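Have a look at the structure below, then the notes.
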Amino acid sequence: MQNRKFFLDESDIPKQWYNLAADLPTPMQPPLGPDGKPVTPEMLAPVFPMNLIEQEVSTKRWIDIPEEVLDILYRWRPSPLRRAVYLERFLKTPAKIYFKDESVSPAGSHKPNTAVPQAWYNKQFGIKRITTETGAGQWGTALSLACNLMGLECKVFMVRISFDQKPFRKMIMGVWGANCVASPSTETQAGRDILAQMPDTPGSLGIAISEAIEAAVTDKTGQTRYALGSVLNHVLLHQTIIGLEAKKQLKIAGEKLPDIVIGCAGGGSNFAGLAFPFVYDKINGAKMEIYPVEPESCPKMTKGPFVYDHGDTAGMTPLLPMHSLGHTFIPEPIHAGGLRYHGMAPLVSQAVVEGLCTPKAYGQMKCYEAAMTWAKTEGTICAPETSHAIACVIDEAVKAKDEGKEKVILFNYSGHGLMDLVGYDKYLSGQLSDYALPDSDVKKFQSSFANFPKPEVKKTGKW
Ligand SMILES: Cc1ncc(COP(=O)(O)O)c(C=O)c1O
């Protein structure tokens, strides 16, 4: 009989995170300040605690996971590796489809993998309160959980459209003691400015980030810092526990390396968490296709250039070298709220520039169709973000069938969709449609980074 679940003993949990910055063929280009010069750790100190800033700039390959962080992660980690045999049968594919089930965390997604260490490092540094943004609400709930376990206060700015569409997530944040408001809000200058220009805006992650940073740096006690749920190097680092576990579990399943690795990509963290330990193998000669999947309505990697741009709408963050649609771009209110972000993590962007990863874009309708196929075969209801990965998995499994190849496909099941049923309901009642960002809009928002310095496009061309 074919096993469908592959577990690791708690004692086999990875004890170190993997840092891709140590192995990228070309070194990462630094974030830049308003003067165009590289930012120093001291310049980031009002925003993040210094212990996390050290991780952000580290090029050490392995970084120890603190014992107390592991002690909290054991609540749900190691997460299971599962094989989607029911989907395989339905598709009549010779491909073997494995997925890391990150929906088993208390918050229902991969986000607590970084929320817990971020809260822990803040606490070590003497911080009492953390501010953040959230799109779909997954990150906000994850940070609320982590702050609650760590005895820290938590303030969440939630993108307006998700705040309205997903009321249960803010209730969960309330259970874990966080204070959640819709963004743009009237609590910050950034929020008030946007509301004055666009009173009916659905909001965006870029706006919510501006608000959360402002709330942190203007706190006079000096005991508040900001936490980001994706994009930054230390966030992607914390997520690599997913791929490191998956490697051990694939071995238990009798596999070597996957042929194809897939993850949906908003800011890049769940994709990177699964993929980076395999990007390491690719750099070292393994043959593998690695696909980050984004929505066609917010195609930063497939249509956005690799530039220096702000991570937020108000321009409070340093300039990051990344694929971007422009920091003033406000994506259409698709249901995959966590994918509505204008930029892509610098580490993922550099891996894309190098040709180590090949981005793909999918429309909302195809993703919901894939989510429905998944629900009817595997039985679980995936997050709308995760459905982007599943749509790509199905395409690759069908391709394997057409080619008659027994490929090993691995993807990240980044979260469940039990709080996202409004989107499913709209799909089922025919109220959803596709929206691909037209090229004219891609051009329009590029003016927001036109005058910034340009990163070098470093490509070794080996892949
Ligand atoms: C379930 C789920 N998957 C994916 C994402 C996208 O974020 P990232 O690209 O950082 O993994 C989110 C973001 O909220 C999410 O909630």
*If you check Thr221 against the conditions, is it touching a residue at least 60 places away in the same chain (Cβ under 8 Å), more than 16 Å from the ligand (Cβ to nearest atom), buried (at least 24 other Cβ atoms within 10 Å of the Cβ) and assigned to a loop (DSSP other than H, G, I, E, B)?*
no
*Close pairs from the stretch 400-427: first modelled with pLDDT under 95, partner among the acidic types (Asp, Glu), Cβ under 9 Å, at least 6 apart*: Asp420/Glu385
_Can you list the strands (runs of 3 or more DSSP E) lying wholly within the stretch 253-356 that have 2 or more residues being touching a residue at least 12 places away in the same chain (Cβ under 8 Å), within 12 Å of the ligand (Cβ to nearest atom) and farther than 30 Å from Asn3 by Cβ?_
289-295
*asked:* Which residue is nearest to the ligand (Cβ to nearest atom), if the candidates are limited to the stretch 99-119 and must be of a type in the set (Val, Ile, Thr) and crowded, with 24+ Cβ neighbours inside 10 Å?
replied: Thr114
*asked:* Looking only at helices (runs of 4 or more DSSP H) that lie completely in the stretch 1-96, which have at least 2 residues being surrounded by 15 or more Cβ atoms within 10 Å (Cβ to Cβ), at pLDDT below 95 and in contact with a Leu (Cβ under 7 Å, 6 or more places away or on another chain)?
replied: none
*Test Gln249 against the criterion of being within 16 Å of the ligand (Cβ to nearest atom), more than 22 Å from Lys166 (Cα to Cα) and not β-branched (Val, Ile, Thr), and give yes or no.*
no
*the stretch 103-122 residues that are modelled with pLDDT of 95 or more, paired with ones that are among the acidic types (Asp, Glu) (beta carbon under 7 Å, 6 or more apart)*: Ser109/Glu102; His110/Glu102; Trp120/Glu68
_Can you pull out every residue in the stretch 358-378 that is within 13 Å of the ligand (Cβ to nearest atom) and either at positive phi or outside any helix (DSSP H, G or I) (or both)?_
Pro359
*Counting just the residues of the stretch 381-405 that are surrounded by fewer than 22 Cβ atoms within 10 Å (Cβ to Cβ) and in a loop (DSSP other than H, G, I, E, B), which one comes out nearest to the chain's Cα centre (by Cα)?*
Ile381
*asked:* Just the residues that are basic (Lys, Arg) and away from the ligand (no atom under 13 Å from the Cβ), please, taken from the stretch 131-182.
replied: Lys155, Arg160, Lys170
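The values are calculated or read from the model by the stated rules, or taken from the named source; none is laboratory data. Quick caveat: nothing in here was measured; it's all calculated off a predicted structure. FYI the Cβ positions are ideal-geometry reconstructions off the backbone, even for glycines, and counts take in every protein chain you see.
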